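The values are calculated or read from the model by the stated rules, or taken from the named source; none is laboratory data. No experiment lies behind these values; they were computed from the predicted model shown. Here the Cβ positions follow ideal geometry from the backbone for every residue, glycine too, while neighbour counts run over all protein chains shown. To get the accessible areas, we keep the full protein, side chains included, count just its heavy atoms, and leave off ligands, DNA and RNA. Shrake-Rupley method; radii C 1.70, N 1.55, O 1.52, S 1.80 Å.
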Amino acid sequence: MTAQDLNSRDLTTIPHTHRKLHVVTHGCQMNVYDSARMADLLRPLGYTTVDKPEGADMVIMNTCHIRERSEEKVFSALGRLRVMKEEQGGRMMIAVTGCVAQAEGEVLAKRAPFVDLVVGPQAYHRLPELIAQAHRKQGVVIDTEFPADQKFDHLPDVAAPQGVVSYLSIQEGCDKFCSFCVVPYTRGAEASRPALSVLAEARRMVATGAREIALLGQNVNAYHGEGPDGRVWTLTRLLTEMAEIEGLQRLRYTTSHPNDMTEELILAHRDNPKLMPFLHLPVQSGSDKILTAMNRKHKADDFRRIVAQLRDVRPDIAFTSDFITGHPGETDADFEETMKLVRETGFALAYSFNYSPRPGTPAAALPQVPKEVKDARLYELQAELRRQQDEYNLSTVGLVTPVLFTGRGRYAGQIAGRSLYTQPVVVEHGAELTGEIHMVKITRANANSIVGTLINPPLIPPLSPPLSKEKIAA
Ligand code: SF4
């Protein structure tokens, strides 16, 4: 079957109510949110989501451009979809969305002409119209424009329940232009969603079962949406209003940039009782020379100061971060600065990657650190981060802490939830407690989760710090 044959499918023969949609999501929580919204957009067209691509009428591959060889991974997954599409006689419509679609639109269309749609992150609200276009014309329909108006204004209300823990996108894009990052090129300039629209979506999420909401944005703490009073609302102001939503128990926000950690936001971790003691704050490197080369516009000591201030106002706050090893120009001494910062800070968890050149970004044109040097540094960093994660999880053993239950555990008789610090918690218990917060005594720490028992009789779950081992003993 030629690529042209594969692009001449006719969905009009499929009953309107029986179209199957499979969405594959790569990358960050923003993409998870976008995938859910695309499913919402297509529901009125008769698409219901299915777990597998086999037999689907439409497959959306929502891609991420941040990791090494991301394009190659997309192309190899597309190769497998092409086989399925052929087996279905070309009926399956394939859409590539997200940051790889934005960055590689034309290349994608040339290398994978059996794809029907290539849609950038700023254009997916036009999916129904683009699907109709794909029916009308041969070849790949590409939409990677950055529209002047905002995608958020065109999305339908959240339709499907998002779960006990829900993600709500409030800000998109970035003006910071870190030397290694494609986000400013793929997601465009920073844009914030109006506060009223965020609050309305949050209320709908709570009405359908959400008890914890994580506000999302590439630079979420740079949020500056228009408030109902016509003024610019900061993230702190928005969090204050969100805390008033009845039934909403927990708030988080991610991902933040150190330069936008304002004093009022730091104090919100003391004053907003629903804001969880947890912060994901990428620092990338501990070397000022490398931070300058990365165009991060902050120093390592700025990060240290923010951590100290937050620990001052909220002593139990847990930190997670992102690191890049082997950025062009990184010497052994620079890497040692990173290790020093990691050892000083103590992270509950952190993500670390070798630098990989992203075409079109400034750092891609510089002399590169040899791969074996990058690998050795990453190995050393990850060993220390793993040790810190184990140590952190172990430190919670013996605590009595409120756990928000999110559903059944992996094994029969288990229920699963999240601690204040986002650790997955597993409890042996037969009852259905989804959506409820109960006090749990932590009894064991595993590599990636903690295990506990329900406190009986139940204590009133506090919104603020967990009870210490000493308090429980008393
Ligand atoms: S601040 Fe974050 S999103 Fe913006 S350019 Fe830097 S790494 Fe990318």
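Among the residues of region 167-192, the one identified as basic (Lys, Arg) and within 17 Å of the chain's Cα centre (by Cα) is Arg187.
Scanning for something more than 16 Å from the ligand (Cβ to nearest atom), open to solvent by 20 Å² or more (accessible area, probe 1.4 Å) and modelled with pLDDT of 90 or more, does region 211-222 turn up at least one residue? Looking through region 211-222, at least one residue is more than 16 Å from the ligand (Cβ to nearest atom), open to solvent by 20 Å² or more (accessible area, probe 1.4 Å) and modelled with pLDDT of 90 or more. Among strands (runs of 3 or more DSSP E) entirely within region 365-459, having at least 2 residues that are surrounded by 13 or more Cβ atoms within 10 Å (Cβ to Cβ) and free of Cβ contacts under 8 Å to residues at least 24 places away in the same chain singles out 414-418. With respect to being closer than 30 Å to His298 by Cα, at pLDDT 85 or above and surrounded by 15 or more Cβ atoms within 10 Å (Cβ to Cβ), Leu117 falls outside the description. In the set (1) within 26 Å of Ala214 (Cβ to Cβ); (2) touching a residue at least 40 places away in the same chain (Cβ under 8 Å), Ser287 fails one condition alone, (1). All told, Glu201 meets the bar of being within 21 Å of the chain's Cα centre (by Cα), away from the ligand (no atom under 16 Å from the Cβ) and not aromatic (Phe, Trp, Tyr). Each residue in region 296-325 was checked for being outside any helix (DSSP H, G or I) and either without any contact (Cβ under 8 Å) to a residue 24 or more places away in the chain or away from the ligand (no atom under 16 Å from the Cβ) (or both), and 7 of them qualify. Among the numbered conditions (1) of a type in the set (Gly, Ala, Ser); (2) modelled with pLDDT under 90; (3) farther than 14 Å from Gly27 by Cβ; (4) in contact with an Asp or Glu (Cβ under 9 Å, 6 or more places away or on another chain), tell me where Ala95 comes up short. All conditions pass for Ala95, except number (2).
Checked against (1) open to solvent by 10 Å² or more (accessible area, probe 1.4 Å); (2) under 21 Å from Tyr421 (Cα atoms); (3) among the aliphatic types (A, V, I, L, M), Val283 passes all but a single condition, namely (1).
Could you look through region 51-65, keep only residues that are in contact with a Leu (Cβ under 7 Å, 6 or more places away or on another chain) and outside any strand (DSSP E or B), and pick out the one that is surrounded by the most Cβ atoms within 10 Å (Cβ to Cβ)? Per the criteria, the residue is Ala56. Give the number of residues within region 283-295 that are away from the ligand (no atom under 16 Å from the Cβ) and in a loop (DSSP other than H, G, I, E, B). Number of matching residues: 2. Flag: Ala333 does not match the condition of being modelled with pLDDT under 95 and part of a helix (DSSP H, G or I). Among residues of region 161-200 being buried (at least 21 other Cβ atoms within 10 Å of the Cβ) and either charged (D, E, K, R) or free of Cβ contacts under 8 Å to residues at least 12 places away in the same chain (or both), the one that is farthest from Leu215 (Cα to Cα) is Arg187.
Among the residues of region 105-114, those that are open to solvent by 10 Å² or more (accessible area, probe 1.4 Å) and in contact with a helix residue (DSSP H, G or I) (Cβ under 6 Å, 6 or more places away or on another chain) comprise Pro113, Phe114.
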